[in-house]
């Protein structure tokens, strides 16, 4: 066996990273995701990731633009499932904000007061 063959690594290296958002942020999104699962009638233990891990996955994608393939590999899920998890997280966050019509009305109200 040559030296190059002996040095070749065949598995990934696991490491720990600190994410630049608070635990409260993750818990907030996890609660939204849990509520969405209840509203959809998703049975417990039917998803590979719980709401907390899904929240971390979504926030990594949004804040660090982590690749879907990397997120999927890190969580032991398919790329397709990962993409669905991210879209679901974005949808529950989006539902918390105002609609376009509400935002325009608020902006108009703010400019007429000043």
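The values are calculated or read from the model by the stated rules, or taken from the named source; none is laboratory data. The shown structure was predicted, so the numbers you read here are calculated from the model rather than taken from an experiment. Don't worry about glycine lacking a Cβ; one is built from the backbone with ideal geometry, like all the others, and counts go over all protein chains shown.
In table form, for the structure just shown:
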quantity	calculated
Residue selected from the stretch 1-26 under the condition within 20 Å of residue 74 (Cα to Cα) and at pLDDT 85 or above, by the criterion nearest to the chain's Cα centre (by Cα)	26
Checking residue 33 against (1) at pLDDT 95 or above; (2) surrounded by fewer than 12 Cβ atoms within 10 Å (Cβ to Cβ), the condition it does not meet	(2)
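Residue-by-condition table, conditions (1) touching a residue at least 40 places away in the same chain (Cβ under 8 Å); (2) over 9 Å from the mean Cα position of the chain (by Cα):
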residue: 37; (1), (2): no, yes
residue: 59; (1), (2): yes, no
residue: 67; (1), (2): no, yes
residue: 90; (1), (2): no, no
